[in-house]
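Remarks on the structure that follows.
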Amino acid sequence: MPGDASAIVSRIIAKWCAGFERLDAETLASLYSRNAFFFGSNPNLYRGRDGVAAYFNGLPRWTSQRAAFSEVVAAEAGRDLINMAATASFFLDGSQTPTLAVKITWAIVCEDGDWKIASHHVSSKTPLL
């Protein structure tokens with residue numbers, strides 16, 4: 001695998017957080033595979049970069065927004081495939097306390113010589129059962 005899984009994930013997270021801070025749908029979509037599956041904060045499945053852009057374009061426009069990832073775990077899952085799991089905390093409207101915290105997983109693939117998120121899934125941190 002070209003590169004270290006943790007370093008690759010750290011770079012993607014940094015770009016993702018920077019794009020989220022500006023709610024720049026095109027920048028965020030560029031981090032995803034052309035065939036990405038994306039489950040975000042609503043029940044819809046978004047597909048591909050156009051779907052990812054549609055998701056982010058559909059979010060409310062807060063006065064400010066910031067995301068922070070913690071408890072990040074990255075592992076090589078195969079040739080040109082990385083699994084990532086973390087907690088993503090979202091700070092909206094200038095709050096110092098997370099407005100929302102979710103579990104997040106990504107499957108990251110090497111596509112056309114660059115690392116892209118192929119699968120994005122968030123779920124509640126609150127136990128369902």
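Since every read-out is calculated from the coordinates, none of them should be taken as a lab result. Model, not experiment: these values are computed from the prediction. Using ideal geometry, Cβ is built from the backbone for each residue, glycine included, and neighbour counts are taken over all protein chains shown.
Here are the numbers for the structure shown:
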| read-out | value |
| --- | --- |
| Rounded to 5, the percent of DSSP beta bridges in the stretch 20-129 classed as antiparallel | 90 percent |
| Mean separation of Cα contacts under 8 Å (6+ apart) over length of the stretch 5-122, as relative contact order % | 25 percent |
| Cα-based reach from Lys116 at 16 Å (exclusive), listing aspartates and glutamates while leaving out same-chain residues under 8 positions away | Asp4, Glu26, Asp50, Glu76, Asp80 |
| Peptides 114-122, 93-101, 72-80 ordered by average Cβ neighbours within 10 Å, highest first | 114-122, 72-80, 93-101 |
| Segment Thr63-Asp93, length gained on full extension (0.36 nm per residue, minus Cα span) | 10.3 nm |
| Cα long-axis angle, helix 5-21 against the chain (0 to 90 degrees, to the nearest 10) | 30 degrees |
| Label zone at Arg11, where the point sits 7 Å out along the Cα-to-Cβ direction: the stretch 31-70 residues whose backbone N lies under 15 Å | 31-32 |
| Difference of contour (0.36 nm per residue) and Cα-Cα distance, Ala18 to Leu129 | 36.5 nm |
| Tilt relative to the chain, helix 48-57 - C-alpha long axis, 0 to 90 degrees, to 10 | 20 degrees |
| Rounded to the nearest 20 debye, dipole of the chain from Cβ charges on Lys, Arg, Asp, Glu | 260 debye |
| Of the trypsin sites (Lys or Arg not before Pro) in the stretch 1-62, those whose Cβ has at most 16 other Cβ within 10 Å and which sit in DSSP loop | Arg22, Arg61 |
| Hull-based mean projected area of the chain, where the convex hull spans the alpha carbons, in square nanometres | 8.0 nm² |
